[in-house]
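Report on the following structure.
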Amino acid sequence: MNHILAIDDKHDNLVTVKALLKLFISDCNVITALSGDEGIQKARSEQPDTILLDIHMPGMDGFEVCKQLKTSMETAHIPIIMFTAIRTDSKSRVKALEQGADAFLSKPIDESELAAQVKAMLRIKRAEDKLRNEKDHLEKLVAQRVNDLSIANEQLVMEMKERKILEKQLIQAQKMEAVGALAGGIAHDFNNILYPIIGFAELLKEDIEQQDPMYESAEEIFQAAVRAKGLVKQILTFSRQMDQEIKPVRIQSVLKEALSLTHSIIPSTIIIEEKIDNNCRPVLADQTQIHQVIMNLITNAYHAMQDKGGTLSVCLEQMKLSKDILKNKRILPGDYLYLSIMDTGSGIPKDILSNIFDPYFTTKGADKGTGLGLSVVHGIIKNTHGEIFVESTPGKGTCFEVYLPSLKENNAELSLKNPVLLKGNERILLVDDEPHVSKIETRMLERLGYQVTEKNNPIEALDLFSQQPDQYDLLMTDLTMPGLTGKQLSRKVLGINPVFPIIICTGFSENMDEDEAERIGAKAFLMKPIVLSDMAQVVRRILDNHSLTQ
């Protein structure tokens, strides 16, 4: 049972939050407090798994409550989600995070966002509790070993050193396992939230003329949601739960997106100079990893100028490199994209310049870097058959130069036009336990001309199919559902009709991919959120292939 403490001076707010949590999190016990003092006392006595804390309260406000909770040994480990009624109050958001808050929400609270945030905090709490227990257990084992072996000889010293190393490796492995599990859980929930945003924005774009001012708003919503989808993919890639997607990528688009994000986080004391050639050819790479490279290099430049300010210069241009231009650089002649990111910061001493791409090597403090960033950047660039070079002068700044082999324009399978949507009129049985997800999937399929029977209960869907198997041409099912999973539903449907076409969809699952879906008997596997063109193509392909085999 998860114990959640909600602190708010308004009784009605507590009733609402308690009802929302009970609706979305079945196994939770909600404890309430009407003041900061009462909240602190209950946090110490009840030891909840997560705290929801309002900012504006009489007497002691949420900031002071958060500060006291986070500075107390009894309650410092409890995740805190703070919320306020002012949606655009960025100062309160910053102050809340500075006081130790783990997350921040604005009122009126979005039900899905509240549920996702609380679930994420609960997962973090469980992971941290597990790590603390393991650490305590290991420390007891080490202490017991020291007590048992009183003779401090060389063999004992070596044994203790090895045990410490193993202890650190175990804790690090458990941390990475916890991060991976957390990333997977967030990806599943977040993709289900993103799906309706992407789907309805895409349908709005189709319904509105491009000359209409509303079209631009719908396009911005769609693109923002697609970027969020890419961010989820980046998290999964970092935790090694998603394979690379190698395809032609226009670096100028990724660079502009990264710079747009950078402008919002870099202070005005740092001037950003851009020189981007929009006619650069595409490169063959994973777009998410290229974004990771750019953001890492820009972040390093920002940190180098954080104290005194300076100029961040970003350049992207097409180059044809010859032997004369290359000189001593370890790179073959040919067509390349040249990316340079230069700062006027503190620079890198020459005696450590050759070590900056080594794993775990860092000159930053423990709160600013792990030493993995540049080694990851180096690995990504090498995997794309490119090269990265660095030049630095202490006191004057650093310049990173990246060369990526470019594709010939006619070989890059890039289309700037909207794809033709393949349509049909077949009958589709759609099963997903999330009503907001099944709703957008139904809208999309109906927009493509299909007749859709929508079910949120997989057992009801199976009963319906069992009674009238000839009334449907395709089953599209979610993977993770209560009562009957997508795997189980697929097997039972195939038990009735062994050649019936099935498409399995999921927000994320480490146990499901295209090969596993094929072993079950499904004809396709789709990752949510799904854009309309992808859905149209896959559904039409499966139905056409099935009709050819009849």
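Considering lysine pairs in the range 1-88 that are 8 or more places apart or on different chains, how many have Cα atoms under 23 Å apart?
Final tally of qualifying lysine pairs is 8.
Within a Cβ distance under 14 Å of ALA116, other residues only, what is the Lys/Arg minus Asp/Glu net charge?
-4
Just to verify a number: what accessible area does THR269 come out at with the full protein assembly present, 1.4 Å probe, Å² rounded to tens?
Estimated to the nearest 10 Å², THR269 gives 80 Å².
According to the square roots a ≥ b ≥ c of the eigenvalues of the Cα gyration tensor, what is the shape class of the range 448-550, taking rounded for a/c under 1.5, prolate for a/b larger than b/c otherwise, and oblate for the remainder?
Rounded, because the longest to shortest axis ratio a/c is under 1.5.
Could you give the semi-axes, largest first, of the ellipsoid that matches the range 280-320, computed as the square roots of 5 times the alpha carbon gyration tensor eigenvalues and rounded to whole Å?
25, 14, 5
Give me the percent of accessible area attributable to carbon and sulfur for the range 46-109, probe 1.4 angstrom.
Reported share for carbon and sulfur atoms: 53 percent.
Just reorder ASP544, ASP12 by solvent-accessible area, largest first, 1.4 Å probe, all chains present.
Order by accessible area, largest first: ASP12, ASP544.
Three principal axis extents, largest first, for the C-alpha atoms of the range 1-112, in Å?
That works out to 33, 32, 22 Å along the principal axes.
Using a 1.4 Å probe, how large is the accessible area of HIS546, given in Å² and rounded to the nearest 10?
The accessible area of HIS546 comes to roughly 40 Å².
Output the pairs from LYS107/LYS439; LYS205/LYS275; LYS119/LYS164 with a Cα-Cα distance over 29 Å in this structure; if there are none, say none.
Where the Cα-Cα span goes over 29 Å, the pairs concerned are LYS205/LYS275; LYS119/LYS164.
Hey, what's the range 420-474 come to in accessible area per residue, 1.4 Å probe, Å²?
Value for the range 420-474: 49 Å² per residue.
What does the net charge come to around ILE271 if you take all other residues with beta carbon closer than 13 Å to its beta carbon, with K and R at +1 and D and E at -1?
Local net charge: -2.
Give me log10 I(q)/I(0) at q = 0.30 Å⁻¹ for the range 95-140, Debye formula, one equal scatterer per alpha-carbon, no solvent.
Relative scattering, expressed as log10 I(q)/I(0), comes to -1.02.
Please report the accessible area of THR393 (heavy atoms, 1.4 Å probe, ligands and nucleic acids excluded) in Å², nearest 10.
70
The values are calculated or read from the model by the stated rules, or taken from the named source; none is laboratory data. None of the values given here were measured: they were computed from a predicted structure. Positions of Cβ are generated from backbone atoms using ideal geometry, with glycine treated the same way; all protein chains shown enter the neighbour counts. The protein model used for the area step is the full one, side chains on, heavy atoms only, and it has no ligands, DNA or RNA in it. Shrake-Rupley method; radii C 1.70, N 1.55, O 1.52, S 1.80 Å.
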